[in-house]
1. For the chain, what does the helix formula give at 222 nm: sum of -39500 (n - 2.57) over DSSP H segments with n ≥ 4, over the residue count, nearest 500 deg cm²/dmol?
2. Report Rg/Rh for the range 179-301, rounded to two decimals, where Rg is the Cα radius of gyration and Rh the Kirkwood radius.
3. Percent of accessible area on the range 71-140 owned by carbon and sulfur, 1.4 Å probe?
4. Roughly speaking, to the nearest percent, how much of the range 144-265's 1.4 Å accessible area is carbon and sulfur?
5. If I model the chain as equal point scatterers sitting on the Cα atoms and use the Debye formula, what is log10 I(q)/I(0) at q = 0.07, 0.12, 0.13 Å⁻¹?
6. What share of Cα pairs, in percent, lie more than 12 angstrom apart in the range 92-144?
7. What three numbers, in Å, describe the spread of the alpha carbons of the range 120-244 along their principal axes, ordered from the longest?
8. Rule-of-thumb check for the range 63-201: C-alpha Rg over 2.2 N^0.38 Å?
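The values are calculated or read from the model by the stated rules, or taken from the named source; none is laboratory data. Since the model is a prediction, treat every value here as computed from it, not as a measurement. Every residue, glycine as well, gets a Cβ built from its backbone with ideal geometry; the counts of neighbours run over all protein chains shown. In case anyone asks, the SASA skips ligands and DNA or RNA and just uses the protein heavy atoms, side chains included. Shrake-Rupley method; radii C 1.70, N 1.55, O 1.52, S 1.80 Å.
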Amino acid sequence: MRLLPDAEQRAFVSSLDAMLGSADTPAVVREWSRGEHARGRALWGRIEEAGVFGLAVPEKYGGYGLRPVELALAFVELGRYAVPGPLVETVTAAVLLAECGMTVSGMATVACGSPYALDGDAADLRLVLTPEGLFRSPGHGPVRPSLDPARRLTTLEKGELLTTAPPTEQALALARLTTAAQALGVGLTLLDKTITHVKQRTQFGAPIGSFQAVKHRLADAKIALEFARPLVLGAALTLAPADLAAAKLAACEAAYATARTALQLHGAMGYTAECDLSLWLTKARALHTAWGGPRECRAAVLSGGDRRW
């Protein structure tokens, strides 16, 4: 089996790459971290117009049909450019609401298994998912900082009951898939930025990228990311719980390991707020445990995917 994008999928990815590449996302991320959402919302609108979120919704509910491979490819690009906002949560909300005959317009966030939700202050729709059902939240609590400044947390309370039988497993499957894809994109950018840096930084009269120890660290990061890529695409094809858990584990572990390598090779400057690299470093760490941490994913793989998320 060749897990490679076809011509149409490559064109879709290229269009997203061109759009995001012209958006100055580091500046957008910094503004978003300060609670300034204007440019982030404008970028979000362009992503929505490109049909990214419609890829998670069947046609009978107003989407483009469930196309998880295209969705995963899109989220790799969103991760590569560190696009802020409740991206995974909007996909999750779209799936949850589709079975209720409702659609998501704009940003949505979901509190699931925790009282906290991502970017509740910016979301147009706030949902709370519990074993009792799916609830609409009437508002949000105070904004709390997180490890990733661009991932602002707010508490949500249960309000109107929308349904007692939401499609929880389908929604969480796509949440795990899109988180894995986003992490893969984050890791790829961290690797690219680090390779560029080690070619420019010199020690002992030579670029540090010429040193064997540095090459080994970069090679390990490259191998981990390339091993994760087919797992993400394969999970998009099967949507089997064990495959999704394996993809999430591999992609997030690879991105986190690449982040550690990137920080070591950049030195302390890599973690300063002034350095763009920090925007991807903190996101790699945050995604590592989002929608299922390593222990949970390993348990799901070992159990064959029967474990409920």
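1. Numbers: 10 runs with 169 residues, N = 309.
Calculated at 222 nm, the ellipticity per residue is -18500 deg cm²/dmol.
2. Values: Rg = 15.3 Å, Rh = 14.7 Å.
Rg/Rh: 1.03.
3. Values: 960 of 1940 Å².
Using a 1.4 Å probe with all protein chains present, the range 71-140 comes out at 49 percent carbon and sulfur.
4. Values: 3170 of 5520 Å².
Heavy-atom surface of the range 144-265 belonging to carbon and sulfur, 1.4 Å probe: 57 percent.
5. With one equal scatterer per Cα and no solvent, log10 I(q)/I(0) is -0.26, -0.77, -0.90.
6. Details: 850 of 1378 pairs.
Result for the distance tail: 62 percent.
7. Dimensions of the range 120-244 along the principal axes of its Cα atoms: 66, 38, 18 Å.
8. Values: Rg = 16.4 Å, N = 139, 2.2 N^0.38 = 14.3 Å.
Working it through for the range 63-201, the quotient is 1.14.
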